[in-house]
Amino acid sequence: MRILVALWALLVAGHATAVEIEKVPLKGGVEAWLVESHSLPMVHVQVSFKAGSVFDPADAHGLASLTAQMITEGSGEDNAQAFAQKLEAVGALMTSNANKLSVTTAMRMLAEHKDQSFKLFRQALTQPRFDEVAFKRVQDAVLTGIRAGLQNPSQVASKLRDQYVYDGTAYAHSTDGTVATVAALQKADVQNFYNKHYNQQNMVISVVGAITADELQDQLNPLIESLATGQNFDFPAAQTNSTPLVLRQEMAVPQSTVYMAHSGITRDDPDYYAAYVMNYILGGGGFNSRLMEEIREKRGLAYGVYSYFEPLPKGGAFVVTVSTKNEDVHKSIDLIKQQMSAIQKGVSEKEYQGAQAYLKGSFPLRLDSSSKVLGYLNMMQLHNMGVDYLNNWTKRIGQVTQADVARVAKRLLKPESMVTVIVGQNHE
């Protein structure tokens, strides 16, 4: 049975209109979420497997990411070069990458070449070659990227943040892995990871563009039938470290990068939308936020300072990040903590109304391209959020009261319980 749900979005054409999310049933009990739109002669398809870095073996960090990248490196009878030439011949663009939770393989294709393009898409996902030459090339490229990242203070700080905030969980390590773990990976490791995680029961499918539900079934059912049934993997809990600490790593740079974090909120928490409004006022609203006003505008301590919630399965974090002169690090940290405490006393009517107006008014801009809509469809399925999520988003934001903002700030913000990571030169 197909289920249609209307949501309001801006199409690529630029005008507001109703867009329908259609649940399209496929073989094996799998379904694809489709937003059919003929405003442009394009089709965007995205398949995600619950096969991100949280599923890396303990001694093989980086395996999920390396496996994902190998998907586009040749399949069937085509080596990497031949496969790339076939994609180019039909004007298709294909990518495959991993994050902490999932592996996402996506293709953007011309509607007039959708038969040939979908054939290549199916081939890549069901018949990856994992050639030794391609494996070594991709592995070397990953290692080069990891080594370069060791010289980037922002990347170093971000990885240290995860390491300590999510200490003891599968979320603590970098998706890319380390030089040691990636260098130790073998082609057989990639094949085994693929065999275990790339299956019917472990996937979600999202499609946007000029294709009907019947056409989509014809294109995707052969993909489903060519994959093993397998199992649906559950995401591990993202429990956070509640012990405050300050970690400093020396790096000879003129500015320090600072990450501050503690436990956050999940997407299914009743206070999620109140937390969203609160964070917009505190540090998520760009130049309209309190943190930007206090740290950049009033004192010129940083070009930018931001806060955000990182909702993850059964956990997640609240994060603040700032880059500032080495000598201004502790002044910036103190101001961030002061603002985290101050917002617990409430916000002004002007701040509250401004946040409401911006968040509701700008929401259509989050859906003004096929790629953005595709991203939401994918997220909604991976996190079991239901097809009404987008429909109800502005309504739920509007239901947040001014009092809710203060209440949720008191509940969630703990300025004295933060893991603080500083990468730069110590000027104490």
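The values are calculated or read from the model by the stated rules, or taken from the named source; none is laboratory data. This structure is a prediction, so every number in the text was calculated from the model and none was measured. For neighbour counting, all protein chains shown are included, and Cβ atoms are generated from backbone atoms with ideal geometry for every residue, glycine included.
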Mind telling me which of the residues 92, 84, 32 ends up being touching a residue at least 60 places away in the same chain (Cβ under 8 Å) and of a type in the set (A, V, I, L, M, F, W, C)? 32
Within segment 244-253, does at least one residue satisfy the condition of being surrounded by fewer than 17 Cβ atoms within 10 Å (Cβ to Cβ), out of contact with any strand residue (DSSP E or B) (no Cβ under 8 Å at 6 or more places or on another chain) and more than 30 Å from residue 121 (Cα to Cα)? yes
Total residues in segment 293-307, condition in a helix (DSSP H, G or I) and buried (at least 21 other Cβ atoms within 10 Å of the Cβ): 1
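Every residue, every condition in (1) assigned by TED's automatic domain parsing to the domain that holds residue 187; (2) more than 30 Å from residue 306 (Cβ to Cβ); (3) over 25 Å from the mean Cα position of the chain (by Cα), yes or no:
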site	(1), (2), (3)
122	yes, yes, no
129	yes, yes, yes
142	yes, no, no
146	yes, no, no
156	yes, no, no
Looking at the structure I just gave you, is residue 318 more than 21 Å from residue 247 (Cβ to Cβ) and either β-branched (Val, Ile, Thr) or assigned by TED's automatic domain parsing to the domain that holds residue 340 (or both)? no
Residues that are more than 18 Å from the chain's Cα centre (by Cα) and within 24 Å of residue 209 (Cβ to Cβ), drawn from segment 45-77: 71, 72, 75
Do we find a residue being of a type outside the set (A, V, I, L, M), assigned to a helix (DSSP H, G or I) and farther than 24 Å from residue 142 by Cβ anywhere in segment 91-113? yes
If I go through segment 365-393 residue by residue, how many of them are free of Cβ contacts under 8 Å to residues at least 24 places away in the same chain and surrounded by fewer than 17 Cβ atoms within 10 Å (Cβ to Cβ)? 5
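Residue by residue, here is whether (1) free of Cβ contacts under 8 Å to residues at least 40 places away in the same chain; (2) over 30 Å from residue 424 (Cα atoms); (3) of a type in the set (D, E, K, R) holds:
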residue: 134; (1), (2), (3): no, yes, no
residue: 138; (1), (2), (3): no, yes, no
residue: 160; (1), (2), (3): no, no, no
residue: 182; (1), (2), (3): no, no, no
residue: 195; (1), (2), (3): yes, yes, no
residue: 199; (1), (2), (3): no, yes, no
residue: 235; (1), (2), (3): no, yes, no
Can you work out which of the residues in segment 121-138 that are out of contact with any Gly (no Cβ under 9 Å at 6 or more places or on another chain) and surrounded by 17 or more Cβ atoms within 10 Å (Cβ to Cβ) is nearest to residue 101 (Cα to Cα)? 125
Residues (farther than 17 Å from residue 65 by Cα, not aliphatic (A, V, I, L, M) and not in a loop (DSSP other than H, G, I, E, B)) located in segment 163-185: 163, 164
Segment 309-364, residues that are surrounded by fewer than 21 Cβ atoms within 10 Å (Cβ to Cβ), in a helix (DSSP H, G or I), touching a residue at least 40 places away in the same chain (Cβ under 8 Å) and under 24 Å from the mean Cα position of the chain (by Cα): 358, 359, 364
